[in-house]
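Everything below concerns the one structure shown next.
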Amino acid sequence: MARTEKLLVLPAEHDLVGSQCIACHEELKAGDEVVMCPRCKSAHHADCWRQSAGCRKHGCPQVAITIKAEERRPPGDAHLLKRSPKQTALMVVCIVLVLGVVGFAMRPGPDPAAGRIKVSIMVPGGIHETNYFEPFVDQFNNAQSDLYLSLAITPSIAYDQKLVVLLGARDAPDIFSLLETRYEMFAEHEGLLDLTPYLEAEPELIEEFFPEGPDEYRVNGSIYGIPHPERNEIFTIWALSPNPDTAWQILIMFLEKIATDWPEELKGDITTEPWTLPMPGQF
């Protein structure tokens, strides 16, 4: 369930008076409009919250839900358009016809999720990875009434470019893997969910998935991914996933399957062409 934020006008005796806004680092004063992140409890000026479209704490995936910046419309130019009633009627008919044709051509097909909560997964690979993962996904979807897994397997040569485009459009998969050489860069650009709280709540998973210890996977003190046991991939969760807790549970299921029956023909490192696409400043 999404966590919605609330607006607070600070009374003079409130504990937050005198503390700092996590976004602008200015002092919070009595009478200020303040938003407390419902996920990590960080305090923001309301304007800073709106400007950032959500929480500014590193690793926190909370986005603005109820308190958002108002959309501004460009100045109207209707006074420049002078048409006769006949011209106006003809234009309306043409627009309706065009929209009807476009709508018919672009009508969506049946939703395979059928109203279930959808969690999407994207990994690099080809026919062998497809043959390995698809039976697991089909079995999961047939057994679940509330959840649906959507799997996308993308050739490794185009994988990074597609992932960056999806992250930039804020339409990234909930779960995706990265080459080990990409992991730190993506984590530093705030594209990945901080998995540290989940691992601290289930310390036995650290021993299971980090046999040599988790320190080499820490970025600025936090862990953002879990390594593939058989090749140079690290599985991560998108920082803005709408269902992070569910994505975490599915990620663990995914990794436990891989650790159990990863096929011999898929062992070995992934190779890809050097990546030349520029990274955006922030996801």
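The values are calculated or read from the model by the stated rules, or taken from the named source; none is laboratory data. Since the structure is predicted, the reported quantities are computational estimates derived from the model, not experimental observations. Using ideal geometry, Cβ is built from the backbone for each residue, glycine included, and neighbour counts are taken over all protein chains shown.
Some points to look at:
- Of all residues in segment 233-244, those that are surrounded by fewer than 19 Cβ atoms within 10 Å (Cβ to Cβ) have Cβ atoms under 7 Å from Cβ atoms of residues that are acidic (Asp, Glu) and assigned to a loop (DSSP other than H, G, I, E, B), 6 or more apart or on another chain, in Asn243/Asp174.
- Residue match in segment 54-65 (condition: assigned to a loop (DSSP other than H, G, I, E, B), more than 23 Å from Glu188 (Cα to Cα), in contact (Cβ under 8 Å) with a residue 12 or more places away in the chain and not assigned by TED's automatic domain parsing to the domain that holds Glu184): yes
- Glu216 vs. criteria over 23 Å from the mean Cα position of the chain (by Cα), more than 28 Å from Gln139 (Cα to Cα), loosely packed, with under 14 Cβ neighbours inside 10 Å and modelled with pLDDT under 95: yes
- Any hit, segment 151-159, residues being aromatic (Phe, Trp, Tyr), touching a residue at least 24 places away in the same chain (Cβ under 8 Å), closer than 15 Å to Leu179 by Cα and assigned by TED's automatic domain parsing to the domain that holds Glu180: yes
- Residue satisfying all of: in segment 254-273; assigned to a helix (DSSP H, G or I) and touching a residue at least 60 places away in the same chain (Cβ under 8 Å); nearest to Ile175 (Cα to Cα) among these: Phe254
- Annotation note: of Arg182, Arg170, the sole residue that is surrounded by fewer than 13 Cβ atoms within 10 Å (Cβ to Cβ) and either part of a strand (DSSP E or B) or not β-branched (Val, Ile, Thr) (or both) is Arg170.
- Within segment 224-240, the only residue that satisfies the criterion of being modelled with pLDDT under 95 and of a type in the set (S, T, N, Q) is Asn232.
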